[in-house]
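First up is the structure itself, then whatever we jot down about it.
No value in this document is a laboratory result; all are computed from the given coordinates. Small disclaimer: the values here were computed from a predicted structure and weren't measured. Don't worry about glycine lacking a Cβ; one is built from the backbone with ideal geometry, like all the others, and counts go over all protein chains shown.
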Amino acid sequence: MLPKRIIPCLDVKDGRVVKGVNFVNFKDAGDPAQIAAEYSRAGADELVFLDITATVEVRKTMLDMVKKVAKQVTIPFAVGGGIRTADDFKEILDSGADKVSINSAAIKRPELILEAANLFGRDCVVVAIDAKKREGGDGWNVCINGGSVVTDIDVVTWAQKCEKLGAGEILLTSLDCDGTKAGYDNQLNRAVTAAVKIPVIASGGAGKKEDFYDAIVHGGVDAVLAASLFHFKEVEIMELKKYLNEKNIPVRMEIAK
Amino acid sequence: MIGVIDYRAGNAPSVLNALERIGVPSLLVSSKDEIDEVHGIILPGVGSALGTMESLEEMGCLDVISKKVLQDGVPFLGICIGLQVLFEHSEEGDTKCLGWIPGVVKKFSQDMVRVPQIGWNEAEFTREHPILSGLGKREFFYFVNSYYVIPKDENMVLAKTEYGVEFCSMITHKNIFAAQFHTEKSGAVGLKLLKNFAMIAGDAVCLRKD
């Protein structure tokens, strides 16, 4: 079995990491490149940068950030937030990112997935899906615009459509669980992993080591993503990997440096 | 000087970043004259076999690359799609490839595994080789691929990896090296391999320590 990936997610605003990354010994606690290098040394398998400003004006700032990160780390990283066109993809990939994550733009114009996959290869196209449980609990709807708009699109159906259009991977966030630290939504994870054959990354809800195990075993996911839990060192990546390893989950125990 | 082939569908900047990090003199090359100057060639790759072949042809440098590698014996390293296009044919888009290495490129079975393979997987080396100097018998590298190569000549297989099937993850043949994994995205081990390639090309100078 392919080792499961552990992915820290960093929120970026105006080219700076925000929402409290609690690394000590940092001259500059908001420097994305420095934090990325630190995570690489801490055993992260991959990184996700989510640009939460992502307006046209700061696009250049973001591209500069991507270039700096690409020079600092030699593990793969994805960039998401505000990507609307194939040209946006090109700029980000040319700046040195390995993957681009799209969310609302794919819902508004699904052909973007196809265009990007044809131009740059499906492997670099990550479709992020924000899911919210329907009232009555019989499934999930896709949310857009940072979770503020609930569409009537079914998450599982949408995931399958993304796969068909050329997505290489799905980053699946449960908005119901996000921030609760009560564990991932493994019903949601299971529903999506059973419906598609591309890799699925679980996101939203991690609070302890056991939650990662559950998402992998009960949710069937290929990778697990968390933010504050890693940033505040409530869970150390290598400790988590050691724990998973002991429970017979394959993980990469070497550190990339 | 190592030349990293810069073509439309590649990820040349990532490879250049990695080489810069270990202090290997390198540059992006995209014209016949530039390619003619270098003593080591890296063909990076992301995307599809068809797209890669098309953009290599569009660039108009296949003649000079083939001459340098096949006749002059200049050390060559292919990465990911840069490995796959060396073979005779790829199932992906039913693409006729360069044919430097006898064999074909096949898709992973979706009945067995998730496709694409995305993540860190282990390469088990089949023998010792200068390009593997300082590496263990098995090492983790970052893979992103839906297709894998099947060389006709088993002697060319330098590493094997398991993903539903056991597949060839690195080849060597004379001055040609090529890996399915992204050595430029595989941390310290990947950099070591790149450095070894630069050594073989006679081009590693001041190696930085991290």
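Suppose R0 equals 22 Å. What FRET efficiency, 1/(1 + (r/R0)^6) with r the Cβ-Cβ distance, do A:Val18 and A:Asp87 give to the nearest 0.05?
Step by step, r from the Cβ atoms, then E = 0.25.
Can you flag which of A:Lys133/A:Lys164; B:Lys106/B:Lys174; A:Lys133/A:Lys242; A:Lys90/B:Lys67; B:Lys106/B:Lys185 are past 29 Å Cα-Cα?
With Cα atoms farther than 29 Å apart: A:Lys133/A:Lys242; A:Lys90/B:Lys67.
If you take the beta carbon distance between B:Met1 and A:Asp64 as r and set R0 to 25 Å, what does 1/(1 + (r/R0)^6) give as a FRET efficiency, to the nearest 0.05?
0.35
Suppose we take every Cα in segment B:69-162 and form the convex hull; what volume per residue is that in Å³?
Measuring per residue, one finds 110 Å³ for the Cα hull of segment B:69-162.
Mind checking B:119-130 for the average number of partner chain beta-carbons within 10 Å of each residue's beta-carbon?
What the average comes to for B:119-130 is 3.
Under the rule a/c < 1.5 gives rounded, and otherwise a/b versus b/c splits prolate from oblate, where does segment B:1-90 land using the Cα gyration tensor?
Oblate, because a/c is 1.5 or more while a/b does not exceed b/c.
How compact is segment A:90-200 by the rule of thumb for globular proteins, expressed as Cα Rg over 2.2 N^0.38 Å?
1.05
Please give the net charge around A:Ala226, taking every other residue with its beta carbon less than 10 angstrom from that of A:Ala226, where Lys and Arg add +1 and Asp and Glu add -1.
-1
Please state the shape class of the protein assembly as shown: rounded when a/c is under 1.5, otherwise prolate if a/b exceeds b/c and oblate if not, all from the C-alpha gyration tensor.
prolate
Expressed as a whole percent, how much of the Cα-Cα distance distribution for chain A exceeds 28 Å?
Counting every Cα pair in chain A, those more than 28 Å apart make up 28 percent.
Please report the net charge: other residues with Cβ closer than 12 Å to the Cβ of A:Tyr184, K and R +1, D and E -1.
-3
In peptide B:11-19, what is the residue-averaged number of other protein chain Cβ atoms found within 10 Å of each Cβ?
Mean number of neighbouring Cβ atoms from other chains: 4.
Testing the spin-label approximation: label points 7 Å from Cα along Cα→Cβ at A:Lys233 and B:Arg127. State their distance in nm.
Reported label-point gap for A:Lys233 and B:Arg127 is 4.8 nm.
Decide, for segment B:92-210, between rounded, prolate and oblate: order the square roots of the alpha carbon gyration tensor eigenvalues as a ≥ b ≥ c, take rounded if a/c falls under 1.5, and otherwise choose prolate if a/b is larger than b/c, else oblate.
Taking the square roots of the gyration eigenvalues as a ≥ b ≥ c, segment B:92-210 is prolate.
Mind computing the radius of gyration and Dmax over the alpha-carbon atoms of segment B:2-200? Å is fine for both.
Over segment B:2-200's Cα set, Rg and Dmax evaluate to 15.3, 47 Å.
Rounded to the nearest 5, what is the percent of antiparallel bridges among the DSSP beta bridges in chain A?
Beta bridges within chain A, antiparallel portion: roughly 20 percent.
Once label points are set 7 Å from the Cα along Cα→Cβ at both A:Arg190 and B:Glu57, what is their separation, rounded to one decimal in nm?
Distance between the two pseudo-spin positions: 5.0 nm.
So, in nm, how far is label B:Lys67 from label B:Lys96 when the simple model puts each one 7 Å beyond its Cα toward the Cβ?
Each label point lies 7 Å from its Cα, and together they span 2.2 nm.
Quantify how strongly other chains surround peptide B:134-144 by giving the mean number of their Cβ atoms within 10 Å of each of its Cβ atoms.
What the average comes to for B:134-144 is 3.
Within chain A, which DSSP H helices have Cα atoms that stretch 18 Å or more along the helix axis and a mean Kyte-Doolittle hydropathy of at least -1.0?
A:59-72
Select from A:Val12, A:Val149, A:Val217 the residue whose mean-square fluctuation is largest in a Gaussian network model of chain A (Cα-Cα springs shorter than 10 Å).
Judging by the Gaussian network model, the answer is A:Val149.
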